[in-house]
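Every read-out reported here was derived from the displayed coordinates using simple, explicitly stated rules and does not represent laboratory data. Computed from a predicted structure; not experimentally measured. Reconstructed Cβ throughout: ideal geometry from the backbone, glycine too, with neighbour counts over all protein chains shown.
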Amino acid sequence: MSTETLISDQLQQAKFELGDYPEFYSHLAIQARRASRVALVACGVALIAIVSAILAQLRPPILLRVQDGKVSALTGSGVDIAQNAAQQQPDESEKLAFVSGFLDHFVNIDPVTVKRNTTLALNEMTGTLRQQILAQLNEQHFVDTVRDNNVTATLAVKSAELVNGDPYTAVVFGQKRLTTLINGQENKKELLVKYVIRLAPVPRAASNGWSGLEVADYKEEVLQQ
């Protein structure tokens, strides 16, 4: 066997044992190109995220107003939003909702909640009306009377609307149930009542629950027993 034939046989044997290097390196090159494409896509996504974060920082702040447990977004610049929110007048639904909440505190009472609910109702009044009503309640020993006589009052509102030509006065009709329990003797009354509540617009603030309203006058009239 010649030397050339021997060398050729050895090369063939080595190629058989070690594999095809050109094919192997071609496969690596394909994988490298794929990896480079993925890296470029990842870099592009990261760049977009960075640019978005920078733009978000440059945008004016969005203020949120919380009212009745709901959050509503207000658009515009921060200064304009703060001014507009404080100056925004309550609409009809807000006024009627405020009146309903006030009556729920002031009329619906029982020996356990009378002090807390009455305090909440007083805080919803103007300073002048608060002093007037508080003096009356103290003169009547209202809280002690409710507790000693086990008084329970509940109001079922039948209708509530604002007076035509007077958008800050509401008229409410309802059925009031009054129950007392003295020495084991229960006494019940069903009353048809009318409430006239005059509201006062005030700047929206945390002290008034951002409602922009206070009760300026309160009248209760029993129409039928």
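Taking the criterion of being within 19 Å of HIS105 (Cβ to Cβ) and aliphatic (A, V, I, L, M), the residues of the range 172-204 that qualify are VAL172, LEU178, LEU191, VAL193, VAL196, ILE197, LEU199, ALA200, VAL202. Is it the case that some residue within the range 130-138 is within 20 Å of VAL99 (Cβ to Cβ) and in contact with a strand residue (DSSP E or B) (Cβ under 8 Å, 6 or more places away or on another chain)? Scanning the range 130-138 turns up at least one residue that is within 20 Å of VAL99 (Cβ to Cβ) and in contact with a strand residue (DSSP E or B) (Cβ under 8 Å, 6 or more places away or on another chain).
Exactly one residue out of LYS176, LYS158 is in contact with a Lys or Arg (Cβ under 9 Å, 6 or more places away or on another chain) and either of a type in the set (D, E, K, R) or without any contact (Cβ under 8 Å) to a residue 24 or more places away in the chain (or both): that is LYS176. Would you pick out the residues in the range 195-209 that are under 19 Å from LEU103 (Cα atoms) and buried (at least 16 other Cβ atoms within 10 Å of the Cβ)? Within the range 195-209, TYR195, ILE197, ARG198, LEU199, GLY209 qualify. Listed conditions (1) in contact (Cβ under 8 Å) with a residue 40 or more places away in the chain; (2) touching an Asp or Glu at 6+ places or on another chain (Cβ under 8 Å); (3) more than 24 Å from GLN132 (Cα to Cα) are all met by LEU199, apart from (3). From the residues in the range 118-158 that are surrounded by 16 or more Cβ atoms within 10 Å (Cβ to Cβ) and among the polar types (S, T, N, Q), which one is farthest from LEU178 (Cα to Cα)? That would be THR126. Considering (1) touching a strand residue (DSSP E or B) at 6+ places or on another chain (Cβ under 7 Å); (2) closer than 24 Å to SER93 by Cβ, the lone condition that GLY165 does not fulfil carries the number (1).
Can we say GLU124 is of a type in the set (D, E, K, R) and out of contact with any Phe, Trp or Tyr (no Cβ under 9 Å at 6 or more places or on another chain)?
Numbers: of a type in the set (D, E, K, R): yes; out of contact with any Phe, Trp or Tyr (no Cβ under 9 Å at 6 or more places or on another chain): no.
No, not satisfied.
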